[in-house]
Amino acid sequence: MELSGKEIAQMHKDYVMQSWSKSGVDALAVEKAEGIYFWDYDGKKYADMSSLLVCSNLGHELPEIVEAIKEQADKMCFMAPAYATEPKSKLAKMLVEAAGAKDYQRVFFTNGGAESNENAIKMARMVTGRTKIFSCYRSYHGATLASSNASGDWRRFAAEIGGAGGFIKFMNPHMYRDGFNKGVDDEAVTKKALEDLELQLRYEGPQNVAAILMESIVGANGVILPPDGYMEGVRALCDKYGILMICDEVMAGFFRTGKWFGWQNFDIKPDMITFAKGVTCGYVQLGGVIVNKKIAKYFEENVLQCGLTYSGHTLACAAGVAALNYYIDHDIEGHVAKMHVIVETFMNEMVEKHICVGEARCIGLFAAFEMVKNKETREPLQEYGIPGKWMPWIFAELKRRGYATFGRENFIEICPPLIITEEELKEYLPILDEVLTKVDEKILSGEIQ
């Protein structure tokens with residue numbers, strides 16, 4: 001007997017432990033999804049304007065991925081990692097080619113982004129013989145022990161209690177929040193940030209630092225774009241001190257920024273690339289680490305002390321091959337470039353129109369609004385680490401109008417599936433405009449102070 005939407009929601013409330021939330025909260029019961037949309041059990045349609053958790057890059061129920069999963073399921077769902085399978089071998093080759101076969105050689109497969117970063121950290125320590133990992137305060141790298149400790153935001157706190165050691169945080173630049181202007185102050189901000197980072201490396205002893213782990217574009221903490229020259233400067237520091245550079249591409253990968261990987265927007269080559277999400281668009285869980293030729297060579301001569309039962313899961317890799325073929329065959333890179341113009345134009349208009357929008361940040365279809373109470377002082381609508389009611393109100397109001405997205409602190413993310421059309425954008429972006437108008441009214445009336 002099929003359950004009703006109300007029964008499903010109640011069972012979720014009674015039995016499921018909800019991520020990053022208190023248990024026993026209400027959750028929307030979703031019946032089906034297709035394209036950029038999903039529907040609840042009352043038949044209400046929602047536009048998925050965040051690709052769920054910035055993972056459904058090719059939308060929902062894409063026939064090419066669904067059929068690949070079905071075909072593989074009929075043949076063989078799973079084979080242990082020590083055996084070669086066609087989907088795993090194909091996908092590894094495709095990923096190396098996407099990163100650049102001239103520089104990269106092998107892939108270690110995982111089940112998701114957190115495990116990707118976890119294993120990249122282990123590899124860095126094995127290859128260098130060093131222990132310390134540098135990462136940014138404005139970052140999120142996953143919920144396993146090392147990935148949590150590497151994360152900068154509040155979601156790391158539970159893992160720090162008696163957790164892994166050797167994790168050092170540094171403050172990565174956020175030009176708007178730090179009081180600067182992108183495109184104007186980049187040179188000065190980059191110079192100061194790199195000087196501070198190098199000094200911190202010296203205080204920690206660069207000979208002790210195995211890797212600097214960074215999101216190429218900070219994702220869950222607000223789509224923060226680095227100042228010009230910053231990523232290249234970090235790469236130079238890594239080279240200077242023999243430190244490995246790991247680029248976390250879990251959110252930014254697979255054309256989210258308009259390139260195969262976010263780091264390809266800069267003049268750098270990381271030593272390791274971690275990925276997940278867009279590799280299968282969430283249809284089956286999969287992640288991994290792409291390593292350069294030097295690291296690949298090291299593990300030809302030394303045992304890789306990493307292993308997962310489901311590494312290179314056969315069904316997941318079949319989904320990955322189908323997804324990567326779709327990106328290529330349907331020129332998703334070109335489509336994102338066209339849709340970027342529409343989104344960026346809209347966002348810039350919203351900055352001019354609304355008193356609650358301090359800044360718009362957009363690269364590809366990876367975008368966020370910085371929400372403020374006061375444009376002159378840049379006072380955030382919600383302070384970091386201090387719960388408030390207005391950001392949750394905004395997301396609830398958007399969802400009520402059929403516009404589903406997410407954000408944290410004082411930003412709203414706009415990260416729709418990369419297959420979204422011009423017509424769909426023009427239908428749903430005005431809903432965001434309407435809600436921003438409501439926020440303006442609350443500021444002007446003094447309701448928001």
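Only residues that are under 29 Å from residue 254 (Cα atoms) and of a type in the set (Ser, Thr, Tyr): list them for the range 329-385, please. Working first, answer last.
Pass one, the range 329-385, residues under 29 Å from residue 254 (Cα atoms): 329-351, 357-371.
Within the range 329-385, just 345 meets the criteria.
Of everything in the range 258-309, what is crowded, with 19+ Cβ neighbours inside 10 Å, among the hydrophobic types (A, V, I, L, M, F, W, C) and assigned to a loop (DSSP other than H, G, I, E, B)? Give them in sequence order.
Scanning the range 258-309 gives 260, 261, 266, 276, 281, 284, 286.
Can you confirm whether the range 179-188 contains a residue that is at pLDDT 95 or above, in contact with a Pro (Cβ under 6 Å, 6 or more places away or on another chain) and charged (D, E, K, R)?
Yes; the residues of the range 179-188 include at least one that is at pLDDT 95 or above, in contact with a Pro (Cβ under 6 Å, 6 or more places away or on another chain) and charged (D, E, K, R).
Report yes if some residue within the range 55-72 is more than 28 Å from the chain's Cα centre (by Cα), assigned by TED's automatic domain parsing to the domain that holds residue 119, modelled with pLDDT of 95 or more and surrounded by fewer than 18 Cβ atoms within 10 Å (Cβ to Cβ); otherwise report no.
Taking every residue of the range 55-72 in turn, at least one turns out to be more than 28 Å from the chain's Cα centre (by Cα), assigned by TED's automatic domain parsing to the domain that holds residue 119, modelled with pLDDT of 95 or more and surrounded by fewer than 18 Cβ atoms within 10 Å (Cβ to Cβ).
If you go through the range 217-245, how many residues are within 25 Å of residue 362 (Cβ to Cβ) and out of contact with any Cys (no Cβ under 8 Å at 6 or more places or on another chain)?
Here the count works out to 17.
So that you can scan it fast, the table gives a plain yes or no per residue for (1) in a helix (DSSP H, G or I); (2) at pLDDT 95 or above; (3) surrounded by fewer than 22 Cβ atoms within 10 Å (Cβ to Cβ); (4) not assigned by TED's automatic domain parsing to the domain that holds residue 48:
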| position | (1), (2), (3), (4) |
| --- | --- |
| 325 | yes, yes, yes, yes |
| 338 | yes, yes, yes, no |
| 345 | yes, yes, yes, no |
| 350 | yes, yes, yes, no |
| 373 | no, yes, yes, no |
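Aromatic (Phe, Trp, Tyr), crowded, with 19+ Cβ neighbours inside 10 Å, outside the structural domain of residue 151 (by TED's automatic domain parsing) and not in a loop (DSSP other than H, G, I, E, B) - does that describe any residue in the range 101-111?
From the range 101-111, those aromatic (Phe, Trp, Tyr) are 104, 108-109; that's our starting set.
Those still in the list that are crowded, with 19+ Cβ neighbours inside 10 Å too: 104, 108-109.
Narrowing the set further to residues that are outside the structural domain of residue 151 (by TED's automatic domain parsing) leaves none.
No: the range 101-111 contains no residue that is aromatic (Phe, Trp, Tyr), crowded, with 19+ Cβ neighbours inside 10 Å, outside the structural domain of residue 151 (by TED's automatic domain parsing) and not in a loop (DSSP other than H, G, I, E, B).
Under the condition of being of a type in the set (A, V, I, L, M) and touching a Lys or Arg at 6+ places or on another chain (Cβ under 9 Å), which residue from the range 131-152 is farthest from residue 275 (Cα to Cα)? Before you say what the answer is, go through the steps one by one.
Pass one, the range 131-152, residues of a type in the set (A, V, I, L, M): 133, 143, 145-146, 150.
From what's left, touching a Lys or Arg at 6+ places or on another chain (Cβ under 9 Å): 133, 143, 146, 150.
Working: 133: 19, 143: 15, 146: 16, 150: 16 Å.
It comes out as 133.
Mind checking which residues of the range 288-305 are out of contact with any Phe, Trp or Tyr (no Cβ under 6 Å at 6 or more places or on another chain) and under 15 Å from residue 110 (Cα atoms)? Explain how you work it out, then say what you get.
Going residue by residue through the range 288-305, those that are out of contact with any Phe, Trp or Tyr (no Cβ under 6 Å at 6 or more places or on another chain) are 291, 293-305.
Across the range 288-305, the qualifying residues are 291, 304, 305.
Going through the range 260-285 one residue at a time, which ones are over 14 Å from the mean Cα position of the chain (by Cα) and hydrophobic (A, V, I, L, M, F, W, C)?
Once the filter is applied, which keeps residues that are over 14 Å from the mean Cα position of the chain (by Cα) and hydrophobic (A, V, I, L, M, F, W, C), the range 260-285 yields 266, 268, 272, 284.
Can we say residue 418 is in a loop (DSSP other than H, G, I, E, B) and crowded, with 16+ Cβ neighbours inside 10 Å? Talk me through it step by step, then tell me what you get.
On the way: in a loop (DSSP other than H, G, I, E, B): yes; crowded, with 16+ Cβ neighbours inside 10 Å: yes.
In short, yes.
Let's see how each residue does on (1) within 18 Å of residue 359 (Cα to Cα); (2) small (Gly, Ala, Ser):
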{"position": "393", "(1), (2)": "no, no"}
{"position": "398", "(1), (2)": "no, no"}
{"position": "409", "(1), (2)": "yes, no"}
{"position": "418", "(1), (2)": "no, no"}
{"position": "445", "(1), (2)": "no, yes"}
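Has the range 32-42 got at least one residue that is touching a Phe, Trp or Tyr at 6+ places or on another chain (Cβ under 8 Å), without any contact (Cβ under 8 Å) to a residue 24 or more places away in the chain, surrounded by 14 or more Cβ atoms within 10 Å (Cβ to Cβ) and not assigned by TED's automatic domain parsing to the domain that holds residue 155?
yes
Would you say residue 133 is at pLDDT 95 or above and either in a helix (DSSP H, G or I) or surrounded by fewer than 19 Cβ atoms within 10 Å (Cβ to Cβ) (or both)?
Details: at pLDDT 95 or above: yes; either in a helix (DSSP H, G or I) or surrounded by fewer than 19 Cβ atoms within 10 Å (Cβ to Cβ) (or both): no.
Judged against the criteria, residue 133 is not a match.
The values are calculated or read from the model by the stated rules, or taken from the named source; none is laboratory data. All values reported here derive from a predicted model rather than from experimental measurement. Every residue, glycine as well, gets a Cβ built from its backbone with ideal geometry; the counts of neighbours run over all protein chains shown.
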